[in-house]
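A short worksheet on the structure shown next.
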Amino acid sequence: MAKHAKHAAPPRRRHSAQKHTSHKGVTLYTLGVLLVAVSALLFLRFWPRRSVDTVPPAVEVEPPAVSEELAVPEPQPVVTTLRFSATGDNLIHAPIYSQAARRAAEGEGYSFDYCYMNLLDFYAQQDINWINQETLCSKELAPSTYPCFSTPGECAEALYRAGFRVFSLSNNHTYDKGAAGIAATLRFWETMPEDVITTGLWKGEADYGRIPIQTVDGVKIAYLSYTEHTNGIPRNSKMTANIIYTSQQDVMEQQVRAARQEADFVIVGVHWGVEDSHNITQAQRTLAQSLADWGADVIIGTHPHVLQDAEWRTAADGRNVFVAYSLGNFLSTQSKPDQLIGAVLTLELEQTTEPDGSVHCAVHGPKLHVTVTHYDAGKSNVRTYLFRDYTPELAQAHGVRAVYPSFGYDYIRQTAQTYINSEFLELA
């Protein structure tokens, strides 16, 4: 019997090498696909790209609506403002024209510029400067002093250089030299530059309708002036011109009313009041109201040689009218302390033209600037200062102290404060 043979172990299955290789290739293939996909995603994520969707849609801008009519600005009022000044008595005594003769250059007659040199800048700031020329000016008559004055024409020429253009000639000394004086002064003023305005002398009744008018920046200003008296000297038939007295109120009224119609502003000078008195008389106040009612805008008082107060008055038509009752002396060699203290009035003349063509005129901001006439010992070196430019040292050296030792800087200030309303007083 044959021997039982041993069962052989079943053969171990070996993975086919081909099969193993295929599995590994699938794995690598899969990893490669994933790698490409990830790279593509990263590429798409970070690579700058343009997309039609990212371009902002075009904005359609509508053209501005075209107005059928261009906008027109609202018309505005046109305002013109003039700075006006008025100065008191230019009273030329012998010491003044004597020093002017000494100061003149060789070949010249007189030089009065020294008297006014301290106010040149002040007057240059004004558009209009008015003054009461108290004494007759000419180049024909010999100079003379109180009581019957005659003044070299060079004095008026110096005032012109100082800035004055308007000269009031109606006062108590106008007839001092009779017919010869009137004729000589008329000839002198005719030689002055064309922009000079004089008022107060009239060539008879036929001349009363002529109103002196000055035009500045399109604004018309009329000037009239009157006097209470002429020191008892009457007009005579040989005089080629005359003044109008304040007693001739019918003539005054006609002139002021005519001026009101012809001009935008009416300035009236009145030589009135009591000499050396600070008190305003009732006659002054009454006449001031009448002048306001007739049409005056500004009333300038002279003659008392000392300061008197100022005030607003209301005219019959409602206008505010300013009245300075006395500006005192501007230049003189009078001998009393209060005669050496004066004032220059400044104010604004304002004209407003509305778009409809209507015109309104008003006076604003009146101020009285205190002045001092200074002279040294023996009434030498006569000149005038604004108080704001004056000094205690000058006051102590004033020639008037030889007789009135109380005169001084504080005296000047106290006098002005006593007689001028603080609303109008200007010391600084």
Do you know which of the residues in the range 78-120 that are loosely packed, with under 12 Cβ neighbours inside 10 Å and farther than 28 Å from Ala377 by Cβ is modelled with the highest pLDDT? Val79
Residues (within 22 Å of Gly181 (Cβ to Cβ), surrounded by fewer than 17 Cβ atoms within 10 Å (Cβ to Cβ) and either small (Gly, Ala, Ser) or in contact with an Asp or Glu (Cβ under 6 Å, 6 or more places away or on another chain) (or both)) located in the range 207-235: Gly232
Pairs returned, first residue in the range 153-180 that is at positive phi, second residue that is surrounded by 23 or more Cβ atoms within 10 Å (Cβ to Cβ), beta-carbon separation under 6 angstrom, 6 or more apart or interchain, are Gly163/Asn129
So, of the residues in the range 393-414 that are surrounded by 11 or more Cβ atoms within 10 Å (Cβ to Cβ) and hydrophobic (A, V, I, L, M, F, W, C), which turns out to be nearest to the chain's Cα centre (by Cα)? Ile412
Return the residues of the range 404-424 that are free of Cβ contacts under 8 Å to residues at least 40 places away in the same chain, assigned to a loop (DSSP other than H, G, I, E, B) and either within 18 Å of Leu368 (Cβ to Cβ) or in contact with a Cys (Cβ under 6 Å, 6 or more places away or on another chain) (or both); say none if nothing qualifies. Ser422, Glu423
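Answer yes if at least one residue in the range 128-141 is of a type outside the set (S, T, N, Q) and assigned to a helix (DSSP H, G or I), and no otherwise. Can you show your working first?
If we filter the range 128-141 for residues that are of a type outside the set (S, T, N, Q), which is where we start, we get 128, 130-131, 134, 136-137, 139-141.
Those still in the list that are assigned to a helix (DSSP H, G or I) too: none.
No, the conditions are met nowhere in the range 128-141.
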Only one residue in Gly301, Gly342 is in a strand (DSSP E or B), over 19 Å from the mean Cα position of the chain (by Cα), within 24 Å of Gln255 (Cα to Cα) and among the small types (Gly, Ala, Ser), so which one is that? Gly301
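Counting just the residues of the range 345-365 that are of a type in the set (D, E, K, R) and surrounded by 14 or more Cβ atoms within 10 Å (Cβ to Cβ), which one comes out farthest from Glu423 (Cα to Cα)?
So in the range 345-365, the residues of a type in the set (D, E, K, R) come out as 348, 350, 354, 356.
Now restrict to residues that are surrounded by 14 or more Cβ atoms within 10 Å (Cβ to Cβ): 348, 350.
On the way: Glu348: 16, Glu350: 20 Å.
Residue satisfying both the conditions and the ranking: Glu350.
Would you confirm, using the coordinates I've provided, whether Arg102 is outside any loop (DSSP other than H, G, I, E, B) and under 30 Å from Asp356 (Cβ atoms)?
No: the conditions fail for Arg102.
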Selection status of Ala316, out of contact with any strand residue (DSSP E or B) (no Cβ under 6 Å at 6 or more places or on another chain) and either outside any helix (DSSP H, G or I) or without any contact (Cβ under 8 Å) to a residue 24 or more places away in the chain (or both): yes
Pick from Arg285, Arg388, Arg383: which is basic (Lys, Arg) and either assigned to a strand (DSSP E or B) or crowded, with 19+ Cβ neighbours inside 10 Å (or both)? Arg383
Selected residue (only one of Tyr97, Tyr110 is assigned to a helix (DSSP H, G or I) and of a type in the set (Ser, Thr, Tyr)): Tyr97
Odd one out for His305 among (1) of a type outside the set (Lys, Arg); (2) farther than 18 Å from Ser85 by Cβ; (3) without any contact (Cβ under 8 Å) to a residue 60 or more places away in the chain: (3)
Exactly one condition in (1) crowded, with 24+ Cβ neighbours inside 10 Å; (2) part of a strand (DSSP E or B) is false for Asp309; which is it? (1)
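If we scan the range 165-177, do we find a residue that is surrounded by 18 or more Cβ atoms within 10 Å (Cβ to Cβ), part of a helix (DSSP H, G or I) and over 30 Å from the mean Cα position of the chain (by Cα)?
Pass one, the range 165-177, residues surrounded by 18 or more Cβ atoms within 10 Å (Cβ to Cβ): 165-177.
Cutting the leftovers down to part of a helix (DSSP H, G or I) gives us none.
No, there is no match, as no residue in the range 165-177 is surrounded by 18 or more Cβ atoms within 10 Å (Cβ to Cβ), part of a helix (DSSP H, G or I) and over 30 Å from the mean Cα position of the chain (by Cα).
Only one residue in Arg235, Arg285, Arg257 is of a type in the set (Lys, Arg), modelled with pLDDT of 95 or more and either under 22 Å from the mean Cα position of the chain (by Cα) or under 29 Å from His369 (Cα atoms) (or both), so which one is that? Walk me through it before giving the result.
On the way: Arg235 fails: either under 22 Å from the mean Cα position of the chain (by Cα) or under 29 Å from His369 (Cα atoms) (or both); Arg257 fails: either under 22 Å from the mean Cα position of the chain (by Cα) or under 29 Å from His369 (Cα atoms) (or both).
Answer to the selection: Arg285.
The values are calculated or read from the model by the stated rules, or taken from the named source; none is laboratory data. Remember, predicted model here, so these are calculated numbers, not experimental data. Note that we place each Cβ from the backbone using ideal geometry, even for glycine, and neighbour counts take in every protein chain shown.
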